[in-house]
Each structure stands twice: as structure tokens, then as C-alpha cells.
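The values are calculated or read from the model by the stated rules, or taken from the named source; none is laboratory data. Being a predicted model, the structure only gives us computed values, none of them experimental. We place every Cβ from the backbone using ideal geometry, glycine too, and count neighbours over all the protein chains shown. Heads up: the accessible areas ignore ligands, DNA and RNA and are worked out on the full protein's heavy atoms, side chains in. Shrake-Rupley method; radii C 1.70, N 1.55, O 1.52, S 1.80 Å.
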Amino acid sequence: MTNKLLLMPRASRPREVQFPSRRIIDRAGGHAFMMTTAFPLLIVILMIVALLVRTRPILESKPIGDLLLGQTWHPLRGEFGFYPFIIGTLWITLAAMLLAVPPCLLSAVFLAEYARPVIGAIMKPLLDLLAGIPSVVYGVWGLVAIVPWVQTIAAPASQQWLDFLPFFAVNNTTGYSILAGAIVLAVMVAPVIISVTYEVMQAVPDGLRESSLAVGATRWQTIKHVVVPKAAPGILIGIVLGFSRAFGETMAVLMVVGNVPRVPSSIFDPAYPLTALIANNYGEMLSIPLYDSALMGAALVLLMVVLIFNLASALLLQHILRRSQT
Amino acid sequence: METHISIRNLNAHYQDQQALKNISLDIPKNQITVIIGPSGCGKTTLLKSMNRFLDLVSGTQISGDVLIDDESIYAPSVDVTEVRKKVGLLLQRPFPLPMSIYDNVAYGLRIHSMHTRGHSLDTAVQHYLEMAGLWDEVKDRLHAPAARLSVGQQQRLCLARGLAVEPEILLGDEPTSALDPLSALNIEKRLMALKEQYTIVLVTHILRQAKRLADYAVFMYLGEMVEHGPAQQVLENPQQERTRAYLEGEF
């Protein structure tokens with residue numbers, strides 16, 4: 001129908017199918033695309049502004065140093081110290097990444113360099129599937145499997161063998177701990193890290209591998225000196241993506257870390273990450289003065305931590321790219 | 001004429017397709033042997049059988065043998081990395097490793113810990129860059145990333161990198177096909193100079209290049225070796241109808 005209309009001379013087409021000039025559509029399209037692209041950025045800016053506005057009451061009544069470094073969280077007494085939550089977030093994220101990154105890199109190297117292509121073709125969709133499992137499912141798994149495991153196996157073992165190490169001391173753990181949170185989180189971020197790293201390593205041209213093999217390098221030498229350096233910026237991006245997910249993950253972590261607002265000193269201590277603080281408390285007891293504003297402040301702090309982290313990794317990436325110059 | 005590489009009843013299959021059909025060929029020492037033929041005729045497969053690069057393609061089956069200096073390179077006891085050290089390869093287009101010019105040349109020396117045996121790395125790097133005709137162009141920026149060189153320079157760098165591990169044989173898989181005419185001519189000049197010390201085997205689809213370089217010529221067609229012999233004979237006065245047809249541009 002439309003085709004037939006298009007074939008008619010312009011003037012004799014019915015009025016409603018006379019198209020505006022292609023150039024107008026083209027220009028309008030360009031603007032529309034730009035606006036949709038700018039939209040997410042606008043939302044982030046609006047979020048920061050809104051958080052700042054809502055945080056103002058507490059910023060006006062307390063010095064910022066007391067908020068960021070205050071150790072006690074006692075809303076009824078008007079004490080709002082974010083320090084235990086900030087440290088809790090950092091501990092859990094760091095522990096999760098320490099657990100996740102080394103095995104993930106090895107898996108990606110295996111998939112990209114050693115495995116037959118068919119194994120990669122099977123694993124890729126499987127990894128994407130794992131990445132898509134709702135976090136509450138991981139949380140339940142953590143509750144029924146990891147928390148008891150930490151309490152009955154990991155903690156006693158650590159007490160016996162690793163007690164002298166600074167971050168491995170055990171004091172009456174219930175299993176709800178940084179370790180449990182970190183394990184659940186590590187399993188959650190692993191598919192993302194493996195999948196990105198694997199793809200990046202696959203993108204390294206075969207000619208580079210062949211060039212290295214052609215002078216008699218072994219496969220491992222080729223990986224170490226050629227493939228990994230070439231893929232380094234992309235590998236870093238994979239790790240950063242993992243970190244970002246780990247920082248923001250709320251549900252699964254909240255279910256297994258114990259949520260005790262105290263500064264942890266061991267991986268067997270419970271912790272209370274910023275995300276869990278906001279998720280657990282917002283909407284309740286908001287009659288307490290400044291409580292609402294304090295939770296908004298927590299959100300702002302979380303946003304800042306993630307922004308600073310992303311900025312730092314972007315700078316590191318720039319540095320690596322400049323050094324490799326390829 | 002001394003034989004350097006002997007190919008004996010070599011067959012190669014990719015999955016269900018036969019890429020090489022019972023090839024037997026002696027490649028003369030310190031000469032340039034050129035393999036010609038239409039695309040898909042198996043010339044690159046034949047070339048890559050000589051440094052065990054066919055191993056890299058999964059699903060390849062090989063029967064028969066390739067002997068270098070009368071020793072089989074397919075024997076189970078053979079160390080593949082040693083074969084590849086002895087047989088250099090120039091790829092179709094240059095792939096500088098993601099490191100500096102200096103490190104590219106030093107790469108093989110370091111991999112095989114050759115620089116610890118007496119001579120200094122600096123001297124070696126300079127020597128091989130000179131052999132590849134690149135020294136004068138890069139001596140002031142040895143530590144710049146190799147990727148900044150022009151494509152022609154990159155291919156000479158790859159040549160230097162290959163020479164640095166002291167091979168006896170150089171293979172070239174259409175090594176000038178990605179280069180501009182001047183750079184290509186430069187590589188050809190290098191190869192002519194190098195045949196004094198090395199046995200060179202080149203795959204090319206450029207007949208004029210074959211005529212310029214070849215001492216010995218091999219014509220392949222559909223996985224078969226149709227004709228081989230001194231270049232003069234194969235390229236100017238072929239005995240086989242199919243060779244003649246190819247040389248006259250019929251396919």
C-alpha cells in the first residue's frame with residue numbers, strides 16, 4: 001500500500017502521505033537521538049542535586065567530619081556516623097574482588113586460549129545466564145549454604161590455623177559475616193568479569209599469537225607477554241565492571257552480612273554496608289528528626305564512593321592506554 | 001643442489017576437506033623457493049606444514065612427514081618450539097607485538113634466554129635490525145612502541161624479530177601483500193640478500209614477484225603439486241598444461 005503510494009508522483013499522492021522533506025526528518029532524528037542519549041546523564045545530575053538538597057538539613061546541623069568519621073549510629077540520640085557503613089562497604093567489596101578476580105582471570109585465559117572453541121560457545125551463554133539470576137536468589141543461597149558453612153567450617157578452621165593473621169580473628173561468629181557476603185558477591189560478579197575478559201582476549205588478533213609462536217614461544221609465554229598485555233585495558237574494564245556491581249549490590253549482601261553497625265576488624269565480623277542501611281531503613285521511623293536526611297546522606301556517600309572509584313579506574317585506564325600506545 | 005627440507009607423502013585434511021594431496025618435494029638449501037597457485041590451492045597449508053603451524057588449526061589431520069636436515073619435525077619426541085625457532089615465518093601482514101621496537105627484536109632472544117649466552121642484547125638487536133634494513137630508520141627511537149612504525153617498517157621489524165632467534169629457514173606467507181610497492185620491493189631486496197645464509201620459502205600470488213625472486217618454483221592446484229623444478233623451467237617453460245594455463249592467467 002505504502003509502496004504503491006511512494007511510486008506515485010509526489011503531487012498526486014493523498015495529502016496525509018506526503019512526507020516532509022527527508023532533511024527535516026534527518027535533523028529531527030539527530031536531535032531526538034541526542035536527547036535520549038543525554039537523558040541518563042540528566043537523571044544522574046538531577047539525582048545528585050536532589051540528594052544534596054535532601055541532605056542539607058543534616059549537613060547544616062552536623063560538621064561533615066563528624067558524619068563521615070563518626071563511629072556511632074544512634075538515630076534516636078541524634079548520632080549519625082557513616083564511618084562503620086563506609087568501611088563495611090569497602091571491606092565487603094574488596095574481599096569479594098580479592099576472591100573473584102584471580103580465578104576469573106584464569107577462567108578467561110582458559111576459555112580464550114586453551115579451550116576448544118566449542119567450550120567457549122557453550123560457556124558464554126551460560127555465563128550470561130548466571131549474570132542474569134536475580135540477586136535475591138543468590139542471597140537465599142548465601143543464607144542456606146554459605147552462612148552455616150562460615151559458622152561451622154570456615155570460622156573454626158581459621159581459629160585453629162589463621163588466628164594470628166590480622167583480619168582472620170574469630171570472635172563468636174554467627175556466620176553472618178563479611179566473609180559470607182564476600183563469597184556471595186564474588187560468585188555474583190564472576191560471570192561479568194569472566195565474560196568481559198574472555199571477550200576482550202578473544203578480540204586479540206590471531207596474527208599476534210602466531211607472531212609470538214612463530215619465534216618459538218610457548219603458549220604460556222605468548223599469553224603472558226602478548227595476549228594479556230594487549231588485552232590489559234579491556235581486562236581492567238572487566239574488573240571495574242565487577243567492582244561497580246559489587247559496590248551497588250544490595251539484596252544478596254544484606255541477607256548474609258549481619259547488618260551490625262560496627263567497624264569490622266575481621267572477615268568473620270558482621271558488617272553493615274551503605275546499601276543495606278538505606279534499603280533496610282528508608283520509609284521507617286522517619287519521624288525521627290534528621291533520620292531521613294541522614295539516609296539521603298548515606299546514598300550521597302555511596303554515590304560519591306562509586307564515582308571516585310570509577311574516576312580512578314578511568315585515569316588508570318588512560319595511563320595504561322598511553323603506555324601501550326596501540 | 002643440497003636439500004634442506006624434504007616433504008614426504010604429505011596429506012593434510014581440514015575436517016572433511018583435503019587440503020594437501022600426497023605432496024613429496026625437496027626444497028633446496030640457500031635458495032628461494034616460491035610456491036604459486038590460485039587461492040585455496042593449499043600453498044599456505046604446505047608452507048605452514050614446515051613450521052608445525054598446522055597444529056594450531058583444530059581439526060587438522062596430517063599424514064606423511066616433513067624432514068629438516070633429515071630429521072622429522074613431526075616425530076613425537078620433537079619440541080615444537082625448537083622447530084619454530086629454526087624455521088622463521090613472515091605473515092601476510094605485519095603484527096608488531098604490543099611492546100617497543102627494541103623489545104620486539106629482543107622478544108625471541110629473551111624467550112629462549114639466548115642473550116645470556118655471551119653476546120649483549122643491545123648488540124644483537126642492532127645487528128638484526130641492520131639485517132632487516134631498518135636500523136637507520138629506528139635507531140633514535142628504539143624504545144618507541146612498534147605500532148607507530150609504518151606498515152612497511154613493521155614488516156621489516158617482523159623480519160628482524162624472526163631473524164633474531166637465528167633460524168635456518170625463513171618462510172613467507174605472501175609477506176608483501178599488505179605493503180605498498182616500494183616497501184614490497186624493500187622486503188624483496190632483503191630476501192635476496194638473505195638467501196646466502198638462509199633457505200627461503202615464499203608463497204606468493206604475484207607472478208612477477210615469483211619471477212624476480214625464485215630460484216626454485218612449485219605450482220600447486222587444488223591441493224596437488226602439479227609441477228616443481230628450477231624457476232626458469234617452471235615459470236618460463238612449464239611442462240604441464242595446468243601450469244601453463246595458470247601462468248597465462250586462465251584461472
Next item on the list: Go through A:Val301, A:Val263 for me and flag whichever is under 16 Å from A:Phe80 (Cβ atoms), away from every other protein chain (no Cβ under 14 Å) and not in a helix (DSSP H, G or I).
Entry: A:Val263
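Residues that are out of contact with any strand residue (DSSP E or B) (no Cβ under 6 Å at 6 or more places or on another chain), more than 22 Å from A:Leu67 (Cβ to Cβ) and of a type in the set (A, V, I, L, M, F, W, C): does segment A:276-291 have at least one? Give the derivation first.
Going residue by residue through segment A:276-291, those that are out of contact with any strand residue (DSSP E or B) (no Cβ under 6 Å at 6 or more places or on another chain) are A:276-291.
After this cut, where a residue has to be more than 22 Å from A:Leu67 (Cβ to Cβ) as well, the list is none.
The answer is no; no qualifying residue exists.
Of all the residues that make up segment A:193-252, how many are touching a Phe, Trp or Tyr at 6+ places or on another chain (Cβ under 6 Å) and either under 17 Å from B:Ala147 (Cβ atoms) or open to solvent by 30 Å² or more (accessible area, probe 1.4 Å) (or both)? Steps first, answer last, please.
Looking only at segment A:193-252, we keep the residues that are touching a Phe, Trp or Tyr at 6+ places or on another chain (Cβ under 6 Å), and these are A:207-208, A:211, A:252.
Those left that are additionally either under 17 Å from B:Ala147 (Cβ atoms) or open to solvent by 30 Å² or more (accessible area, probe 1.4 Å) (or both): A:207-208, A:211.
Of the residues in that region, 3 qualify.
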Margin query: If a residue must be under 20 Å from B:Ile35 (Cα atoms) and open to solvent by 30 Å² or more (accessible area, probe 1.4 Å), how many such residues does segment B:167-181 contain?
Written below: 3
Checklist line | Qualifying position, being closer than 24 Å to B:Glu248 by Cα and either open to solvent by 10 Å² or more (accessible area, probe 1.4 Å) or within 14 Å of chain A (Cβ to nearest Cβ) (or both), among B:Ala217, B:Ala184, B:Ala164, B:Ala210 | finding: B:Ala184
Next item on the list: Output the residues belonging to segment B:133-147 that are open to solvent by less than 40 Å² (accessible area, probe 1.4 Å) and away from every other protein chain (no Cβ under 14 Å).
Entry: B:Gly133, B:Leu134, B:Val138, B:Leu142
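Listed here are the residues, each with its yes/no results for (1) of a type in the set (A, V, I, L, M, F, W, C); (2) within 14 Å of chain B (Cβ to nearest Cβ); (3) surrounded by fewer than 16 Cβ atoms within 10 Å (Cβ to Cβ); (4) free of Cβ contacts under 8 Å to residues at least 40 places away in the same chain.
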| residue | (1), (2), (3), (4) |
| --- | --- |
| A:Ile119 | yes, yes, yes, yes |
| A:Lys124 | no, no, no, no |
| A:Ala145 | yes, no, yes, yes |
| A:Ile153 | yes, no, yes, yes |
| A:Ser158 | no, no, no, no |
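If you take the residues in segment A:224-250 that are of a type outside the set (Lys, Arg) and closer than 21 Å to B:Val165 by Cα, which one is farthest from the other protein chains (Cβ to nearest Cβ)?
A:Val227
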Notebook entry, point to check: (1) part of a helix (DSSP H, G or I); (2) touching a residue at least 24 places away in the same chain (Cβ under 8 Å): which one isn't true of B:Gly172, the others all being true?
Noted result: (1)
Margin query: Any residue that is in contact with a Leu (Cβ under 7 Å, 6 or more places away or on another chain), touching a residue at least 40 places away in the same chain (Cβ under 8 Å), surrounded by fewer than 17 Cβ atoms within 10 Å (Cβ to Cβ) and in a helix (DSSP H, G or I) - is there at least one of those in segment A:67-83?
Written below: no
Next item on the list: Output the number of residues of segment A:200-223 satisfying the condition of being more than 10 Å from every other protein chain (Cβ to nearest Cβ) and closer than 27 Å to B:Leu54 by Cβ.
Entry: 5
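Among the residues of segment A:111-133, are any basic (Lys, Arg), over 20 Å from A:Met251 (Cβ atoms) and in a helix (DSSP H, G or I)?
In the first step, residues of segment A:111-133 are kept if they are basic (Lys, Arg); the result is A:116, A:124.
Among the residues that remain, those that are also over 20 Å from A:Met251 (Cβ atoms) are: A:116, A:124.
Retained after the next criterion (residues that are in a helix (DSSP H, G or I)): A:124.
Looking through segment A:111-133, at least one residue is basic (Lys, Arg), over 20 Å from A:Met251 (Cβ atoms) and in a helix (DSSP H, G or I).
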Notebook entry, point to check: Is there any pair linking a residue in segment A:281-299 that is touching a residue at least 40 places away in the same chain (Cβ under 8 Å) to one that is surrounded by 13 or more Cβ atoms within 10 Å (Cβ to Cβ) and charged (D, E, K, R), with Cβ under 6 Å and at least six apart or on different chains, and which?
Noted result: A:Met296/A:Arg54
Notebook entry, point to check: Among the residues of segment B:65-93 satisfying the criterion of being within 10 Å of chain A (Cβ to nearest Cβ) and over 17 Å from A:Ala217 (Cβ atoms), which is surrounded by the most Cβ atoms within 10 Å (Cβ to Cβ)?
Noted result: B:Arg93
